[in-house]
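Colleague: Before we start, here is the structure in question, set down as structure tokens.
The values are calculated or read from the model by the stated rules, or taken from the named source; none is laboratory data. Since this is a predicted model, take the numbers as computed values, not measurements. Positions of Cβ are generated from backbone atoms using ideal geometry, with glycine treated the same way; all protein chains shown enter the neighbour counts. To get the accessible areas, we keep the full protein, side chains included, count just its heavy atoms, and leave off ligands, DNA and RNA. Shrake-Rupley method; radii C 1.70, N 1.55, O 1.52, S 1.80 Å.
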Protein chains: 2
Amino acid sequence: VNIAAIDLFYLAMPEISSAADGTQDTLLVRIRDESGLEGWGECDASPLVTLAAYVCPRSHGNIHGLREILLGERLETPADILRLHARVLRLAADLEQVHHALSGADIALWDLLGKARGEPVWRLLGELECDRGVKSHPKLPYASVLFEATPEATRQRAAELRAAGFRAIKFGWGPMGCHGAEFDLELVREARSGLGPEPRLLVDAGMAWKEDHRTAFERAVAFASCDVGWLEEPLFPDAVAAYARLKAFSPPLAIAAGEGCNRYRFAADLIENGGIDVVQIDAGRIGGITTAFAVRRLAEERGITYVNHTFKSQLSLTAALQVFADAEPFHLLEYPAGGSALSRALARTDLEPGPDGLVRATEAPGLGVEVALETVRQYLRPVRVEVGGKLLFESGETGV
Amino acid sequence: VNIAAIDLFYLAMPEISSAADGTQDTLLVRIRDESGLEGWGECDASPLVTLAAYVCPRSHGNIHGLREILLGERLETPADILRLHARVLRLAADLEQVHHALSGADIALWDLLGKARGEPVWRLLGELECDRGVKSHPKLPYASVLFEATPEATRQRAAELRAAGFRAIKFGWGPMGCHGAEFDLELVREARSGLGPEPRLLVDAGMAWKEDHRTAFERAVAFASCDVGWLEEPLFPDAVAAYARLKAFSPPLAIAAGEGCNRYRFAADLIENGGIDVVQIDAGRIGGITTAFAVRRLAEERGITYVNHTFKSQLSLTAALQVFADAEPFHLLEYPAGGSALSRALARTDLEPGPDGLVRATEAPGLGVEVALETVRQYLRPVRVEVGGKLLFESGETGV
């Protein structure tokens, strides 16, 4: 069967703030084959710019729009997805936005193929590796939330999350790095105080110290006293040399990074040259499940930890989980808690934590996700793009 | 003074082919200050996707459109440009297209500031380094053209370019890598035959051997018999490990790469970990003159060669030259020969080679370029973008 339609949906909350909350808008990609089956993907990216990457006119041999590249192509086996993935990266090699855009299509292709085969995506990925006995392993979900404006409010939020049953919590961004060493430590201390001694606590510094590996090291030492599992993105994502210097000081907790990786090499660079301990990959940015899976394999080879980065809907969450569902040593799963009304209502899955607090990949075909079309209709932001008098895109042209 | 207007112009030839010819369309950025002065920049990028990066609605704290980020900001000194550059990279950190888009604005800001100061950009860059005695040095332009379909036609083209007075020529892409070792060598042999023994001959393989460093090495050995100055992009730009393996074999000519770099780290990775001998930076992709200048400094520190990549109009060419006009050891200048009618008519400069065949950066303020408005009008492809019923962009809203 061939790819018959690629539909794009720009969804957004009525008001968008400058908070570090990536759930305020989204771009969904729906791919349908000739038999009427459909797959869905979600990009963690600017919806308008990503949509433009699908519909843009050709510029030359290395810039074609993704819709033009993919429409009509054959889709029958996992190898077809690898071929289409490579085709996009070749024919849109000079389109900078290509990885963010391809992420949505790649995820949708895996979903579609899984449905066609009656297999979950994580098992199809095992097939890629000729590993047909692949089993999934439960993951410990960590709630991913923002630091509150004060240490006190952060303690209260931590206590709520603990009461909700989370056994691992990550706090990030907010005022971290804005008010000096003592305030930063207070934020982390009060987070720990609200959680009590049991739950795992992770800290996301949100690039607070830019290229300053010394300050990052001092904070790592301070935070370690609060039993913090990892310190995430203390430095700019491109500051690979600064990561290497930080690691050379042997900080007393793991250093995590990688959420911004938008190509395989970027992740390999952080791992091989930055020396990070935990690589956090967003399948909605790096080029989809295909590229994320390649980074997971690299993490296994190098003996470091792979974990997803997800701060979108459960559609993104289940896509992220497929990548490493069968990897027993990679036990943590970033699990968005909170987020916008749009994001919470967008997709239904079976990924609720069980009585033991763990999340399991299911046997449902594809991604095992149902997109709520009423939510798509409710938050749809209609887009119309004309170039040279020609209509390149209009929302609703194919219906929801 | 403050930034008062940012105007965007999508220009294109009536027909766009899939040839590796990046001059078939373009995006121009014009920035005006309150005093009425204006600066121009050109992006080597998909015009529609890049335009979208300027006008896209905010998604969250790390995705803002570039127009929103820059409008109203102060512009009085080179330090202001560095500040604005960092501001864009921070407030659009999760916008993958940001570097391609920022390139146009950054180049336009340097042009504008140079005009306000009555200084050429290359001298303002020296000021950044507290080097007020900076002098420009002439460059040897190399004509950059595509291989013809056959070795014979390539020889003829080479003879024409030699007759036109070029002392250095680069052939690239076309059938290179498509028909086996003997054909590849014939292409290069006939190029040398058409040029005669004097002119420098450079070869651009156009990523022909992907990640296969062994074939790249074999071709390097073969081509060296034709007195080839460098072998460019034998491998995929992300194949840093394969570049390192190729270099470990000690090929008998220089290995060049880097034109696709769309962030500083990408270039640093190729230099530090790929071991390339020549780094080729396109100021219209990597984030503008500011980022290109930083890579030039890194090349100087590491003792390798910096050269521009330019396959656009003379507006891009003069921007590229500013970056290393004062660097005497970096003697070559990629000089687009040919290109579309649009590209050839777009910008007027004083960058014609002199009687000695060399090109000199001038003392003209800013970039020393005059954009041909009649060409802009002739090739303007009108764009209209609406999101959520709101008009985000319409060509001509500010006039040409």
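Colleague: Among bridges DSSP assigns within chain B, what percent are antiparallel (round to 5)?
Modeller: In chain B, approximately 50 percent of DSSP beta bridges are antiparallel ones.
Colleague: List the accessible area buried at the contact between A and B, summed over both sides and calculated with a 1.4 Å probe, in Å² to the nearest 100.
Modeller: Buried area (both sides, nearest 100 Å²): 4600 Å².
Colleague: For B:Gln156, what is the net charge nearby, where nearby means another residue's Cβ is under 12 Å from its Cβ and Lys, Arg count +1, Asp, Glu -1?
Modeller: -1
Colleague: Taking only protein heavy atoms into account and a 1.4 Å probe, give the accessible area per residue of the range B:242-400 in Å².
Modeller: Ligands and nucleic acids excluded, the figure is 34 Å² per residue.
Colleague: For the ranges A:314-325, B:111-122, what's the packing order if you count other beta-carbon atoms within 10 Å of each residue, average per peptide, and put the highest first?
Modeller: Result, highest mean first: A:314-325, B:111-122.
Colleague: Can you work out ³J(HN,Hα) from phi for every residue in the range B:378-392, in order, using Karplus 6.51 cos²θ - 1.76 cosθ + 1.60 and θ = phi - 60°, giving whole Hz and x for Gly and Pro?
Modeller: 5, 9, 4, 9, x, 10, 9, 10, 10, 9, x, x, 9, 7, 8
Colleague: Kindly give the distances from A:Gly196 to its copy-mates, label point to label point, with each label point 7 Å from Cα along Cα→Cβ, as nm values to one decimal ordered shortest first.
Modeller: Here the equivalent label points are 8.9 nm apart from this one.
Colleague: Based on the Cα gyration tensor of the range B:148-261, what are the three equivalent ellipsoid semi-axes, each the root of five times an eigenvalue, rounded to whole Å and given largest first?
Modeller: 24, 14, 13
Colleague: Sort shortest first the distances from A:Asp227 to its counterpart in every other copy, using label points 7 Å along the Cα-to-beta-carbon line, and give them in nm.
Modeller: Here the equivalent label points are 7.4 nm apart from this one.
Colleague: Still on this structure, please answer the following. At 222 nm, what helix-only mean residue ellipticity would chain B give, in deg cm²/dmol to the nearest 500, using -39500 (n - 2.57) for each DSSP H run of four or more?
Modeller: -11500 deg cm²/dmol
Colleague: Take peptide A:381-391, look around each residue's Cβ out to 10 angstrom, count Cβ atoms belonging to other protein chains, and average those counts.
Modeller: 6
Colleague: I'd like to check one number: the per residue accessible area of the range A:51-198, probe 1.4 Å, reported in Å² as a whole number.
Modeller: Spelled out: the 1.4 Å probe surface of the range A:51-198, per residue, equals 36 Å².
Colleague: In the protein assembly as shown, what percent of the accessible surface is made up of carbon and sulfur (1.4 Å probe, ligands and nucleic acids excluded)? The partial results should precede the final answer.
Modeller: Working: 13320 of 26860 Å².
The nonpolar share, carbon plus sulfur, comes to 50 percent.
Colleague: To continue, here is another question. Distances in nm, one decimal, shortest first, from A:Gly338 to the same residue in every other copy, taking the label point 7 angstrom along Cα→Cβ.
Modeller: Its label point is 5.7 nm from the equivalent points in the other copies.
Colleague: If I take all pairs of Cα atoms in the range B:209-327, what percentage of them are more than 23 Å from each other?
Modeller: 28 percent
Colleague: Report the equivalent ellipsoid semi-axes for the protein assembly as shown in whole Å, largest first, defined as the square roots of five times the eigenvalues of the gyration tensor built from alpha carbon atoms.
Modeller: Semi-axis lengths for the protein assembly as shown are 43, 29, 27 Å.
Colleague: Return the average number of partner chain Cβ atoms within 10 angstrom of each residue Cβ along peptide A:84-95.
Modeller: Partner-chain Cβ atoms within 10 Å, mean over residues of A:84-95: 3.
Colleague: Going Cα to Cα from B:Lys139, which lysines come in below 19 Å? Please leave out same-chain ones fewer than 8 positions away.
Modeller: Correct list for B:Lys139: B:Lys170, B:Lys312.
Colleague: Along each of its three principal axes, how wide is the spread of alpha-carbon positions in chain B, in whole angstrom units, largest first?
Modeller: Per principal axis, max minus min of the Cα coordinates gives 58, 50, 40 Å.
Colleague: I would also like to ask the following. Expressed as an acute angle from 0 to 90° and rounded to the nearest 10, what is the orientation of the C-alpha long axis of helix A:151-163 relative to the principal long axis of chain A?
Modeller: Relative to chain A, helix A:151-163 is tipped by roughly 60 degrees.
Colleague: Give, as a single signed number, the net charge of other residues whose beta carbon lies under 13 Å from the beta carbon of B:Ala116, with Lys and Arg counted +1 and Asp and Glu -1.
Modeller: Around B:Ala116, the surrounding residues sum to -3.
Colleague: If you line up the Cα atoms of the range A:52-104 on their principal axes, what length do they span on each, largest first, in Å?
Modeller: For the range A:52-104, the Cα extents along the three principal axes come out at 30, 19, 17 Å.
Colleague: Whole percent per 10 Å bin, from 0 to the bin with the longest distance: what is P(r) over all C-alpha pairs of the range A:63-155?
Modeller: Pairs per bin, as whole percents: 14, 33, 24, 17, 10, 2.
Colleague: Suppose we keep just the alpha-carbon trace of the range A:1-115; what are its Rg and Dmax in angstrom?
Modeller: So, for the range A:1-115, Rg and Dmax equal 14.2, 43 Å respectively.
Colleague: Could I ask something else about it? On a straight-distance basis, which lysines could pair with B:Lys247 in a cross-link, Cα separation under 19 angstrom, same-chain partners fewer than 8 positions away excluded?
Modeller: Qualifying lysines at Cα under 19 Å: B:Lys210.
Colleague: To continue, here is another question. Might you report the magnitude of the Cβ-based charge dipole of chain B about its Cα centre, with Lys and Arg at +1 and Asp and Glu at -1, to the nearest 20 debye?
Modeller: The calculation lands at about 300 debye.
Colleague: Where does the range B:301-400 land on Rg(C-alpha)/(2.2 N^0.38 Å)?
Modeller: Here the answer is 1.39, to two decimals.
Colleague: Hey, another quick one. I'd like the mean, over residues of B:262-273, of how many other protein chain beta carbons sit within 10 Å of each residue's own Cβ. Walk me through the numbers on the way to the answer.
Modeller: Details: counts 4, 5, 1, 10, 5, 0, 5, 8, 1, 0, 4, 6.
For this peptide, the per-residue mean of nearby foreign Cβ atoms is 4.
Colleague: Check cross-link reach from A:Lys135 to the aspartates and glutamates: straight Cα distance under 13 Å, and skip same-chain residues fewer than eight apart.
Modeller: A:Lys135 reaches A:Glu119, A:Glu127, A:Asp326, A:Glu328, A:Glu363.
Colleague: By average Cβ neighbour count within 10 Å, what is the ranking of A:357-364, A:103-110, A:6-13 from highest down? Mind showing how you got there, number by number?
Modeller: Working: A:357-364: 17.6, A:103-110: 31.4, A:6-13: 22.0.
Ranked from most to least packed, the peptides come out as A:103-110, A:6-13, A:357-364.
Colleague: Within a Cβ distance under 10 Å of A:Val49, other residues only, what is the Lys/Arg minus Asp/Glu net charge?
Modeller: Taking every Cβ under 10 Å from that of A:Val49, the sum is -2.
Colleague: Now for a different question. Heavy-atom accessible surface, probe 1.4 Å, ligands and DNA/RNA ignored: which residues of the range A:12-29 lose at least 40 Å² versus the isolated chain?
Modeller: Buried on complex formation: A:Ile16, A:Ser18.
Colleague: Now for a different question. Do you know which residues of the range B:46-80 lose at least 20 square angstrom of accessible area in the protein assembly compared with their chain on its own, with a 1.4 angstrom probe?
Modeller: Relative to the lone chain, where solvent access is computed with a 1.4 Å probe, the range B:46-80 loses at least 20 Å² at B:Ser46, B:Leu48, B:Val49, B:Ala52, B:Cys56, B:Pro57, B:Arg58, B:Ser59, B:His60, B:Gly61, B:Asn62, B:Ile63.
Colleague: What is the distance in Å between the Cα centroid of the range A:88-145 and that of the range A:191-228?
Modeller: Taking the Cα centre of each part, the range A:88-145 and the range A:191-228 sit 32 Å apart.
Colleague: Could you pull out the trypsin sites (Lys or Arg not before Pro) across the range B:131-161 that fall in loop regions by DSSP (anything but H, G, I, E, B) with no more than 10 other Cβ atoms inside 10 Å? Before the final figure, lay out the partial values.
Modeller: Values: sites: B:Arg132, B:Lys135, B:Lys139, B:Arg155, B:Arg157; in loops: B:Arg132, B:Lys135.
In loop regions of the range B:131-161 (DSSP not H, G, I, E or B), the sparsely surrounded trypsin sites (Lys or Arg not before Pro) are B:Arg132.
Colleague: Under 5 Å between amide H atoms, partner at least 5 residues away or on a different chain: which partners does A:Leu392 have, H built in plane at 1.01 Å?
Modeller: Excluding prolines and chain starts, which carry no amide H, the hits are A:Val385, A:Glu386, A:Val387.
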